[in-house]
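What follows is a single structure, written as structure tokens, with notes after it.
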Amino acid sequence: MTELASKHCVPCRGDSPRLSPDQIAPLRAELHDDWHVHDNHHLERTFEFPDFASALAFTNKVGALAEAEGHHPDIFLAWGRVRVTLWTHQNDGLTDSDFVLAARIDGLPVGKPASLK
């Protein structure tokens, strides 16, 4: 578990400044290589799965984590693929909480779900 993954998201009240590129770089280095920073505005990662049920199960895990953290990503679900996009909407940019949630998502199990019988 990374140091980021051991933290929790901090509720944004709109007064936290967006992170600068110099602040983003070391935080990005703590995440899985598949996370990409776009225009110093948002983080995005696509997860691949062998089928729809596995992708849906992972989506539900991300949703439960996001709800528990009070920080909600945009999630795109498709057959065998889940794309997670993170930024702090209230600040219209990246904050520490975006990187914390990304690190915590990295720690979620991505295996196949139990049988749907």
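Net charge dipole, the chain: roughly 460 debye, given to the nearest 20, about the Cα centre with Cβ charges of +1 for Lys and Arg and -1 for Asp and Glu.
Of the residues Val84, Leu65, Ala53, the one whose Cα sits farthest toward the positive end of the charge dipole of region 18-106, with +1 on the Cβ of Lys and Arg and -1 on the Cβ of Asp and Glu, is Ala53. Only one of [x] 0.95; [y] 0.98; [z] 1.01 was calculated from the structure for Rg/Rh (Cα atoms, Kirkwood Rh), and its label is [y]. Extension gain, Glu30 to Trp79: 0.36 nm times the residue separation minus the Cα-Cα distance gives 14.8 nm.
Please give the length that would be gained between Asp92 and Lys61 if that part of the chain were fully extended, namely 0.36 nm times their separation in residues minus their C-alpha to C-alpha distance (nm, one decimal).
Values: separation 31, 0.36 × 31 = 11.16 nm, distance 2.50 nm.
Stretched out fully, the Asp92 to Lys61 stretch lengthens by 8.7 nm.
No value in this document is a laboratory result; all are computed from the given coordinates. Predicted, not measured: the structure shown is a model, and the values here were computed from it. In this analysis, Cβ positions are derived from the backbone assuming ideal geometry, glycine residues included, and neighbour counts consider all displayed protein chains.
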